[in-house]
Amino acid sequence: MILSINPKQLFIALDSSDADAALSLAKTLAPTGVSLKLGLEFYSRYGGAGLAPFCALKMPIFLDLKLHDIPNTVAAAVRNVAALGVQYLTVHAGGGSAMLRAAVEAAGSNVKILAVTILTSLDSNALKEIGYSGTPDQAVLRLALLAAESGCAGIVCSPQEVAAVRAVHGQRLSYITPGIRPLGSDTGDQRRTATPQQAISAGADFLVIGRPVTGAENPAQAIKNLLN
Ligand code: C5P
């Protein structure tokens, strides 16, 4: 069955250290109705002030900072981000329940906290190297439970785990999946990938997609292709 994808469900990752290029791409994409994701690459160069022209576009913004620190420090950072006008912010679920609760409390009602479970660039061997036992699926389920019990609005996981997590938590969480690759495109450093249709069919609410759109000759057309 082909499920229709709403453009708002697509967070286009503007992974760029060039604010002019990123803003120009965002303006090109605005008429398609997609949402934006800005992350560490942009934020480490331009900080919160650099986000203002993107917020002015009125496209939903997901600030992907993947915070991971002691609860007090994360809470202070989340309070600062909550004043910027973005709608979503990521923290690492591996920061533990106290850190997650502190982030949720500091965010208030302005920003939704999304917990990153296991990066989609990590496979089983990479997980073993950092001392995680079990498969990526088991680690994602453990961390999703932590996120749900700590009041997070959603989790970020690979398209390959989303069905199993949704089966446990249903609509209590939103499910955001990076690692999206249209058929035939380059996987790059992503390891646990799926096509947009596969990810939505598996239960993702939002898809994060970067290079297949930002690296396309015609990014707006690449989005149209993704939606059809
Ligand atoms: O270019 P690509 O489609 O691989 O971009 C994916 C985006 O999603 C990047 O900005 C990356 O930081 C982010 N991300 C990820 N895996 C996660 C969380 C976020 O790839 N678990």
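Under the combined filter of DSSP loop state and at most 15 neighbouring Cβ atoms within 10 Å, region 28-111 retains these trypsin sites (Lys or Arg not before Pro): LYS58. Our estimate of slack between GLU105 and ASP18, defined as 0.36 nm per intervening residue step minus the Cα-Cα distance, is 28.0 nm. Under 11 Å from a label point set 7 Å out along the Cα-to-Cβ vector of LEU145, no amide N atom of region 106-131 is found. For region 146-157, 3J(HN,Hα) computed residue by residue from phi via the Karplus equation (6.51, -1.76, 1.60; θ = phi - 60°) reads 4, 5, 5, 5, 8, x, 5, 6, x, 10, 10, 8 Hz, glycine and proline entered as x. Multiplying the residue separation of ALA164 and GLU129 by 0.36 nm and subtracting their alpha-carbon distance yields 10.2 nm. Applying the Karplus relation 6.51 cos²θ - 1.76 cosθ + 1.60 with θ = phi - 60° to region 68-80 yields 3J(HN,Hα) values of 7, 7, 5, x, 4, 5, 5, 4, 5, 5, 5, 4, 5 Hz, where x marks Gly and Pro. When a/c is below 1.5 the answer is rounded, else prolate if a/b is larger than b/c, else oblate, so apply that to region 153-215 with a ≥ b ≥ c taken from the square roots of the Cα gyration tensor eigenvalues. Prolate is the answer for region 153-215, as a/c is 1.5 or above and a/b outweighs b/c. In plain terms, the chain from ALA76 to GLN138 could stretch by 19.2 nm, reckoned as 0.36 nm per residue minus the Cα-Cα distance. Solvent-accessible surface of region 7-227, averaged per residue with a 1.4 angstrom probe and all protein chains in place: 44 square angstrom. For the chain, the convex hull drawn through the C-alpha positions has a volume of 120 cubic angstrom per residue. Here GLU217 and ALA98 are evaluated by their C-beta separation; at R0 = 41 Å the FRET efficiency comes out at 0.30. What residue among THR90, THR187, THR117 shows peak mean-square fluctuation when the chain is described by a Gaussian network model with Cα springs under 10 Å? Taking springs between Cα atoms under 10 Å, the residue moving most is THR187. Only alpha carbons enter this Debye calculation for region 140-183, each as an equal point scatterer, and the log10 of I(q)/I(0) it gives at q = 0.30 Å⁻¹ is -1.12.
Here ALA52 and LYS224 are evaluated by their C-beta separation; at R0 = 22 Å the FRET efficiency comes out at 0.15.
The values are calculated or read from the model by the stated rules, or taken from the named source; none is laboratory data. This structure is a prediction, so every number in the text was calculated from the model and none was measured. Note: ideal-geometry Cβ built from the backbone for every residue, glycine included; neighbour counts use all protein chains shown. All accessible areas refer to the heavy atoms of the entire protein, side chains included, with ligands and DNA or RNA removed. Shrake-Rupley method; radii C 1.70, N 1.55, O 1.52, S 1.80 Å.
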